[in-house]
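Accompanying notes for the structure given below.
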Amino acid sequence: MAIPLIDAPVPDSVRATAPKLKRNGKSAKDPAVVILTTIVCAILLLIIGFPLYGLLTSAFAPKGLEVLARMVTDPVNHRIIANTLLLGLIVGTTGTLVGFLFAYAQVKVKFRGKRALHLLAMIPIVAPPFAVATAVITLFGRNGAITNGIFGWQADIYGLPGLTIVLSLSFFPVAYMNIRGMLESLDPSLDEAAAGLGASKLRVFFTVTIPMLVPGLAGSFLLLFVESIADLANPLVLGGDYTVLASRAYLAVTGEFNMQAGAAYSLTLMLPALLVFLVQRYWVSRKSVVSITGKPAGATEQISAPSIRIPVLVIVGFLAALIVSIYATVLAGGFLKVPGVNNELTLAHYQFVLAGLGSKAMVDTTILALIAAPIAGLLGMLIGWLVVRKLKRASGLIDFIGMLGLAIPGTVLGIGYLITYNKPVNIFGLQVFPALAGGSAILAGAVAIVMVYIARSLPSGQRAAVSALQQIHPAIEEASTSLGADSATTFRKVTLPLIQSALLTGLTFAFARSMTTLSPIVFLTTPGIKIMTSQILAEVDSGRFGNAFAYCTVLIGIVLLVILLLNVIIRKVVFRGQSHRR
Amino acid sequence: MDNLTAADPTPITADASEFAPALESGQVTLSALTKRYGNRVDDPIAVDSVDLDIRAGEFVTLLGPSGCGKTSTLRMIAGFETPTSGHVTVDGTDMVSVPPNKRPMSMVFQSYALFPHLSVRQNVAYGLRLKKTSEKRLREEVDTALTIMNLMPYAERAPHQLSGGQQQRVALARALVMRPKVLLFDEPLSNLDAKLRVQMRNEIRRLQKRLGITSIFVTHDQDEAMTLSDRIVVMNQGRIEQIDVPEQVYRHPSSIFVADFIGRANFLDATLLVDPVDGRARAFALGLEREVATHPDVSLEGEVLLMVRPESVILTPNPAADSVHGEVGRVLSAIFHGESVEYEVETDTGSIVALVSDPAANEIFEPMDTVSVGIKADRGWLLPVHAES
Ligand SMILES: Nc1ncnc2c1ncn2[C@@H]1O[C@H](COP(=O)(O)OP(=O)(O)OP(=O)(O)O)[C@@H](O)[C@H]1O
Ligand SMILES: [Mg+2]
């Protein structure tokens, strides 16, 4: 697909002499832009377009239609849909609340240890999905080290309560970052103005701060809603008989070997996810009163009034302690024979992960994520640049497709890949490429895994690029053009260095997300390629929590190490000597 | 920042002729140049069939109110916007199919648009590097450009370590070093403070005269246009209202719009008595019959107005409504500006603004004083009421 080039409405009198004119002044004549746009579109089609298409055709095949029909008629399916939506609503609310409390404490409340709190809030981003669930079972489950060990209580955390706790603690960082950004960019003079009118601190909070944050809160809620209804890992481990659409689709594919049913359940899951994503994107973000890019207009006043400070700090402190104990369990659990039950020290789990049977997963996963991250990061920058600077009409669509990796549940994407790429792709009877996923795939399915990694991790870089570019005056790039640089050169020599921190963000998130993603991967792993997250699932399933904890710890370690290296490489080597003001 | 600004008043010196283009190159022609944003025929026209011939080495200013299409016109010349129709040619070569990075032009932006991640020297060298200039040659050229612009002491600094004026010089050096046939400026001085603006514009003018590079300069500041230009192009709503040397634009504006936009003007009801001959005619205005210069479109058929600049109005005490002094009026307000006093005077013809320069202390009128109102000989300009272009 190329960008539309439309003839100008030139009056006939002029057309006779004038050479053919192209309308869109932004891009029409630049071959580099046309080529880059074509490449981007082709990639998006491969990693998102085709699999979605495959999923849709499968869901609307006879067997799929049968399941779709039963969605409406069968009370069991009603139950599953209701479960899914309820989970989304609850986690959306609690996660946003936790994120808000952390952000509020971080920005507005006076206390020591802000940096530590910030790091604590960021840990879930680099942690694999099972870490929290497994640790929570170990601590608070039927034989939980705390519930049973200390209080002698046989707690049942399987089902909705456990899912709520685990998902809220896993996903709240998204809300935290969103709301923190908003709180920081709120003009403190507003607070001051309200206080100057005689409002007490508490009233300022409810009449000024909260209303200004409503778009941010709503946006976070919706994002968390999408994330939690899409989650597969935790319902599998912790769901008990609380079935949600994601786990149902998984069962259909891996247990009942009914691909069409899987597609139908996925489609049902995708609808609310997509709808909420659209609302978030086109309604909430438009309503936002605070400019996201705005720098703080002054130092934010830190609240020291006890009526706010003490309750906020107590709750945040409790949550922080919970998070610390969970990750401490992950860390320690890897060294215990049967964590929580037989607490003898052992190195067997780490030996299994680092040197034994489990080490292939570590190597495979890291390599694939290392391949996917730079592609996703650069692709994100490129799409951001095309969307903000170069394309007019196609820009909204391309931006939207790029962001779909965030909106489409991983389960959906994984099933889509399996359906579309488990056989060679033929166009007009010609084989374009061989099978990429499934048992007979080339490279044991590694290609499909890298593709799904890219699709999943593209949005963060793209969003960072879009907002970074919107802050850079377009004249800077025009100056480069005016000095003789073509579009590609300008992108390389001017744009990319200027958005290097967006690139770094993109790469970091791409790598972390690739390493920690599970829901699409469980459908794509083959005997020939092992992925850590799906290995962890297997270990947890068979009750070998020690191995799971060791895997989780190693995975977190790898992610942190690579992020550290990325920072060093990008800042010191790639853009060496090009200091620039932030 | 303060000490940086203080370092600015170093005029551009050195020998600038190095960057002079080959003689008689840089002739720019716009023909029927039109821009309509949006693709529907009823979308408003930003630039409406502009025709303009710019001689090699000429300094032309595009002047007009906000939104009249100056920037759009300039950006079409630079190639950043594609014309909806019409042509841009440089030295006879049609530019429409030439991408902006291949056009023999350099643009200086309002926001300076320096590359923030490169030093001053790297900024100036950027374009030459792309041309694969040899390292030695590149150094010489960049040094010359930096010297001309008095930027040598700042060569290794980052752009944000410079004052606004210095940043604008870097932008200019970066453009000059490319030896363009045409220099394009989009309100380059509007981010500077008033004093620096005057100083920079004098320097730009000196440099341009010396180098003889064709320059197209967009501004909405009439002072800038008057002092810089060989010719001024006054635009309004996408159309050219007038193209002329500054003095003509000021004294003999082609329309009420131009008269009003450039400087200040009184428009007085007048009656034409005879058809104009050789651009002059007799008309009755401000209580007297007078001989005035007339706009070519003035004829006995249409209504006319007499344009008088405030500084051409003469106020005299000892009121006497006679054939010498014209009408009698009453002073409504008197504002002391220092070098001049501005009066608003109420007459039978309407209220008139007068600017009396360098008044003696005892000659300043007070509100409610009665004065007689006259016009300096030969300063009136008779305009048709509906002169639209
Ligand atoms: N990219 C664009 N898309 C749509 N309309 C535009 C665009 N750029 C300019 N316009 C419109 O075209 C008209 C002319 O704009 P232009 O920027 O050329 O004005 P200008 O004379 O430079 O004004 P100013 O003095 O404010 O810079 C305006 O009505 C403006 O709204
Ligand atoms: Mg403009």
Within the range B:70-102, tally of residues that are touching a helix residue (DSSP H, G or I) at 6+ places or on another chain (Cβ under 8 Å), within 8 Å of chain A (Cβ to nearest Cβ) and in contact (Cβ under 8 Å) with a residue 40 or more places away in the chain: 5
Residue satisfying condition, being assigned to a loop (DSSP other than H, G, I, E, B) and more than 14 Å from chain B (Cβ to nearest Cβ), within set A:Lys423, A:Lys392: A:Lys423
Check on A:Ala444, assigned by TED's automatic domain parsing to the domain that holds A:Leu413 and buried (at least 24 other Cβ atoms within 10 Å of the Cβ): no
Qualifying helices (runs of 4 or more DSSP H) (wholly inside the range A:204-263; at least 3 residues being over 18 Å from A:Ile165 (Cα atoms)): A:210-230, A:245-254
Answer from B:Leu184, B:Leu162, B:Leu151 - the residue that is closer than 20 Å to B:Pro104 by Cβ, of a type outside the set (Ser, Thr, Tyr) and buried (at least 17 other Cβ atoms within 10 Å of the Cβ): B:Leu184
Residue among B:Leu189, B:Leu184, B:Leu151 that alone is under 22 Å from A:Ile476 (Cβ atoms) and more than 16 Å from ligand 2 (Cβ to nearest atom): B:Leu151
Tally of residues being assigned to a helix (DSSP H, G or I), within 11 Å of chain A (Cβ to nearest Cβ) and not polar (S, T, N, Q) across the range B:154-166: 2
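Each row is one residue, and each column tells you yes or no for (1) of a type in the set (A, V, I, L, M, F, W, C); (2) without any contact (Cβ under 8 Å) to a residue 12 or more places away in the chain.
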| position | (1), (2) |
| --- | --- |
| A:Thr38 | no, no |
| A:Tyr53 | no, no |
| A:Arg70 | no, yes |
| A:Leu86 | yes, no |
| A:Thr93 | no, no |
| A:Gln106 | no, no |
| A:Lys110 | no, no |
| A:Gly113 | no, yes |
When residues of the range B:174-211 are limited to those that are of a type in the set (Gly, Ala, Ser) and touching a helix residue (DSSP H, G or I) at 6+ places or on another chain (Cβ under 9 Å), the one nearest to B:Arg55 (Cα to Cα): B:Ala175
Hits in the range B:290-302 - residues which are among the acidic types (Asp, Glu) and touching a strand residue (DSSP E or B) at 6+ places or on another chain (Cβ under 6 Å): B:Glu291, B:Asp297
Subset of the range B:199-231 (residues that are within 16 Å of ligand 2 (Cβ to nearest atom) and part of a loop (DSSP other than H, G, I, E, B)): B:His220, B:Asp221
Residues of the range B:58-70 that turn out to be near ligand 1 (Cβ under 9 Å from one of its atoms) and closer than 16 Å to B:Glu224 by Cα, as a count: 5
Filter pass, A:Lys360 being of a type in the set (D, E, K, R), assigned to a helix (DSSP H, G or I) and either in contact (Cβ under 8 Å) with a residue 40 or more places away in the chain or at negative phi (or both): yes
One residue from B:Arg174, B:Arg169 being more than 16 Å from ligand 2 (Cβ to nearest atom), under 22 Å from A:Lys493 (Cβ atoms), of a type in the set (Lys, Arg) and part of a helix (DSSP H, G or I): B:Arg174
Long-range neighbours under 8 Å by Cβ, at least six apart or interchain, first residue farther than 13 Å from B:Met235 by Cβ and more than 11 Å from chain A (Cβ to nearest Cβ) within the range B:30-55, second surrounded by 13 or more Cβ atoms within 10 Å (Cβ to Cβ) and of a type in the set (Ser, Thr, Tyr): B:Pro44/B:Tyr37; B:Asp53/B:Thr29; B:Ile54/B:Thr29; B:Ile54/B:Thr214; B:Arg55/B:Thr214
Residue that is nearest to ligand 2 (Cβ to nearest atom) [pool: residues in the range B:51-96 that are part of a strand (DSSP E or B) and among the small types (Gly, Ala, Ser)]: B:Gly86
Complete set of residues in the range B:124-145 that are within 30 Å of the chain's Cα centre (by Cα) and within 9 Å of another protein chain (Cβ to nearest Cβ): B:Gly127
Conditions (1) more than 16 Å from ligand 1 (Cβ to nearest atom); (2) within 29 Å of A:Thr481 (Cα to Cα); (3) surrounded by fewer than 19 Cβ atoms within 10 Å (Cβ to Cβ): number failed by B:Val170: (3)
Qualifying residue in the range B:207-228 (condition: within 14 Å of chain A (Cβ to nearest Cβ), surrounded by fewer than 23 Cβ atoms within 10 Å (Cβ to Cβ), more than 16 Å from ligand 1 (Cβ to nearest atom) and at pLDDT below 95): no
Extreme residue, surrounded by the most Cβ atoms within 10 Å (Cβ to Cβ), among residues of the range B:97-116 that are within 16 Å of ligand 2 (Cβ to nearest atom) and of a type outside the set (A, V, I, L, M, F, W, C): B:Tyr112
Unique match (being of a type outside the set (Gly, Ala, Ser) and at pLDDT 90 or above) among A:Val330, A:Val341, A:Val276: A:Val330
Qualifying residue in the range B:112-130 (condition: within 25 Å of A:Leu391 (Cβ to Cβ), within 16 Å of ligand 1 (Cβ to nearest atom) and not aliphatic (A, V, I, L, M)): no
Residue match in the range A:319-328 (condition: surrounded by fewer than 17 Cβ atoms within 10 Å (Cβ to Cβ), among the β-branched types (Val, Ile, Thr) and on the phi < 0 side of the Ramachandran plot): yes
Residue in the range A:451-469 that is more than 18 Å from A:Val174 (Cα to Cα), assigned by TED's automatic domain parsing to the domain that holds A:Gly380 and assigned to a loop (DSSP other than H, G, I, E, B) present: no
Condition broken by B:Asn191, with the remaining ones in (1) assigned to a loop (DSSP other than H, G, I, E, B); (2) buried (at least 18 other Cβ atoms within 10 Å of the Cβ); (3) within 14 Å of chain A (Cβ to nearest Cβ); (4) within 16 Å of ligand 1 (Cβ to nearest atom) satisfied: (2)
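The values are calculated or read from the model by the stated rules, or taken from the named source; none is laboratory data. Everything quoted here is computed from the prediction, not taken from an experiment. Don't worry about glycine lacking a Cβ; one is built from the backbone with ideal geometry, like all the others, and counts go over all protein chains shown.
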